[in-house]
Amino acid sequence: MPSEEKTIILRVIENYVRTGEANDARVKVTSLPQGKTSYVEQTGLDGRSIILDEYRVDGAVIWAGYSSRSETVYLSRASS
């Protein structure tokens, strides 16, 4: 994963974990149901699989992925 994408994801996750807000000033953020590890992003008639990676921030486990096509970060809290 390019470092710019990872930087974006980490910024969004840190804000999400610390404030509970799933938003960002520079990219779209979509909160998925708990425990999701992938998502199919629909663009017109086509779908694109977004595979989420596990991140651990401040004791929270979050699955997250970034779509450069739509400039969206997808977030899902890990199942407990």
Inset, instruction - Taking the options Val73, Val12, Val27, Val57, name whichever one is open to solvent by less than 50 Å² (accessible area, probe 1.4 Å) and over 12 Å from the mean Cα position of the chain (by Cα). - result: Val57
Inset, instruction - Confirm whether Tyr55 is of a type in the set (Ser, Thr, Tyr), at pLDDT 95 or above and touching a helix residue (DSSP H, G or I) at 6+ places or on another chain (Cβ under 6 Å). - result: yes
Legend entry - Those residues of the range 1-56 which are among the charged types (D, E, K, R), assigned to a strand (DSSP E or B) and more than 11 Å from Tyr74 (Cβ to Cβ), in sequence order: Asp46, Arg48, Glu54, Arg56
Legend entry - Residue satisfying all of: in the range 31-54; among the β-branched types (Val, Ile, Thr) and under 16 Å from Ile9 (Cα atoms); surrounded by the most Cβ atoms within 10 Å (Cβ to Cβ) among these: Ile50
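The values are calculated or read from the model by the stated rules, or taken from the named source; none is laboratory data. What you are looking at is a predicted structure, and each value in this text was computed from that prediction instead of being measured. No Cβ is skipped: glycine too gets one built from the backbone with ideal geometry, and neighbour counts run over all protein chains shown. Just so you know, the surface numbers come from the protein's heavy atoms only, side chains and all, with ligands and any DNA or RNA stripped out. Shrake-Rupley method; radii C 1.70, N 1.55, O 1.52, S 1.80 Å.
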